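**Student:** There's a structure below that I have some questions on.
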Amino acid sequence: MKNLIRKFIADESGATAIEYGLIAAGISLMIIAAVNGLGGSLKGKFGALNTSLK
């Protein structure tokens, strides 16, 4: 039983998957923030373009 617990504690294969998941989540948040930031700018530009075409 002690040997099984030692193997379980020493096993780090799941830690890598969690780390990759956290990295992917961080990248996703950065992309969402960038898209939201550009969204307001693009909305203003398209609004001005729409007004000038009328």
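The values are calculated or read from the model by the stated rules, or taken from the named source; none is laboratory data. Bear in mind that the values here come from a model prediction, so they are computed numbers and not experimental data. Neighbour counts run over all protein chains shown; Cβ positions are idealised from the backbone, glycine included. The accessibility values were calculated without ligands, DNA or RNA, using every heavy atom of the protein model including side chains. Shrake-Rupley method; radii C 1.70, N 1.55, O 1.52, S 1.80 Å.
**Student:** Among ALA24, ALA33, ALA15, whose mean-square fluctuation peaks in a Gaussian network model of the chain (Cα, cutoff 10 Å)?
**Tutor:** Highest fluctuation of the listed residues: ALA15.
**Student:** Moving on to the next point. Using +1 at the C-beta of Lys and Arg and -1 at the C-beta of Asp and Glu, which of LEU38, ILE5, SER52 has the Cα lying farthest in the positive direction of the dipole of the chain?
**Tutor:** SER52
**Student:** Follow-up. For the chain, what is the accessible area per residue in Å² when the probe is 1.4 Å?
**Tutor:** Details: 5080 Å² over 54 residues.
Using a 1.4 Å probe on heavy atoms only, each residue of the chain averages 94 Å².
**Student:** I would also like to ask the following. Could you tally the net charge around GLY37, taking each other residue with its Cβ under 15 Å from the Cβ of GLY37, Lys/Arg +1 and Asp/Glu -1?
**Tutor:** Values: positive: LYS43, LYS45; negative: none.
Overall, the nearby charge balance is +2.
**Student:** What size of dipole, in debye to the nearest 20, comes out for the chain about its Cα centre when the only charges are +1 on Lys and Arg C-beta atoms and -1 on Asp and Glu C-beta atoms?
**Tutor:** Values: 6 positive and 3 negative charges, 45 e Å.
The dipole magnitude comes to about 220 debye.
**Student:** Could you tell me how many degrees, from 0 to 90 and to the nearest 10, lie between the Cα long axis of helix 13-53 and the main elongation axis, the longest principal axis, of the Cα atoms of the chain?
**Tutor:** Once rounded, the angle reads 0 degrees.
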